[in-house]
Amino acid sequence: MKNNTLNFYAGIISVGLYIYVFYGVLFAESLLNIYYLIVSIAGIFLWQKENKLQISTTKSREWIIALCMAITSWGVLYFILKYHTKSTVPFLDSFVTATAWAGTWLLIKRKIESWFVLNISNIVAIPLQFYKGFELTSLLTVIYFIIAIKGYFEWKRLLGLTKFGK
């Protein structure tokens, strides 16, 4: 939300802990955190080129890529979780991860709409995490949900948008 590379360093520590916590319980969430680790490292390098990578709106081609990323990874993850793990929630676990992957890809490209895509993931993750016994993580995801709303409005202000999308 603050449009600062320091957030990626904090993310690296956080995702390392979550990889450990989710492993064996929420399989795709564990994979999601491995992805977040990679994205955090990439984000540091991309965002350090701040003059070259500014906040912008998502173009049609980028929406197509994000949608293909989400649908393809959802299907692949669902298949893996359903037939090769003991996951009791493969459909939702894979959905959360797939939408978060797409949203995070948009985020490291500094696309304002990334906040919406991330909140699609968050809104499903909150009850899923609670159901799996991760009540504090569910609460943390509620906080992420609120940050994503604030992030959208902050980036909208920085981008100079006065109306929704304009």
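The values are calculated or read from the model by the stated rules, or taken from the named source; none is laboratory data. Because the structure is predicted, anything quoted here is derived from the model rather than measured. Note that we place each Cβ from the backbone using ideal geometry, even for glycine, and neighbour counts take in every protein chain shown. Please note that ligands, DNA and RNA were not included when accessible areas were found on the heavy atoms of the full protein model with its side chains. Shrake-Rupley method; radii C 1.70, N 1.55, O 1.52, S 1.80 Å.
Grouping the Cα pair distances of the stretch 51-166 into 5 Å bins from zero gives a pair-distance distribution of 2, 12, 19, 20, 18, 14, 8, 5, 2, 0 percent in increasing distance order.
Cβ neighbours within 10 Å, averaged per peptide: list 55-65, 34-44 in order, most packed at the top.
The packing order, highest mean first, is 34-44, 55-65.
Farthest toward the positive end of the dipole of the stretch 1-98, out of LEU32, GLY43, SER56, is the Cα of SER56, where the dipole comes from beta carbon charges about the Cα centre. Placing unit charges on the Cβ atoms only, positive for Lys and Arg and negative for Asp and Glu, gives the chain a dipole magnitude near 620 debye about its Cα centre. Neighbours of LYS86 by Cβ distance under 13 Å: Lys/Arg scored +1, Asp/Glu scored -1, total +1. For PHE134, the solvent-accessible surface with a 1.4 Å probe is about 40 Å², rounded to the nearest 10. Restriction of the trypsin sites (Lys or Arg not before Pro) in the stretch 85-146 to DSSP coil positions whose beta-carbon has at most 11 other beta-carbons within 10 angstrom yields LYS86.
For the chain, how many pairs of lysine residues have a Cα-Cα distance under 20 Å, where the two are 8 or more positions apart or belong to different chains? Step by step, the pairs that qualify in the chain add up to 28. Of the residues TYR152, ALA10, LEU140, the one whose Cα sits farthest towards the positive end of the charge dipole of the chain is TYR152 (charges of +1 on Lys and Arg Cβ, -1 on Asp and Glu Cβ, taken about the Cα centre). Rounded to the nearest percent, how much of the accessible area of the chain (1.4 Å probe, protein heavy atoms only) is carbon and sulfur? Answer for the chain: carbon and sulfur cover 71 percent of the accessible area.
When a/c reaches 1.5 or more, the comparison of a/b and b/c decides; with that in mind, is the stretch 1-105 rounded, prolate or oblate per its Cα gyration tensor? Verdict is oblate for the stretch 1-105.
Of the Cα atoms belonging to the stretch 106-160, the radius of gyration and Dmax stand at 12.5, 42 Å.
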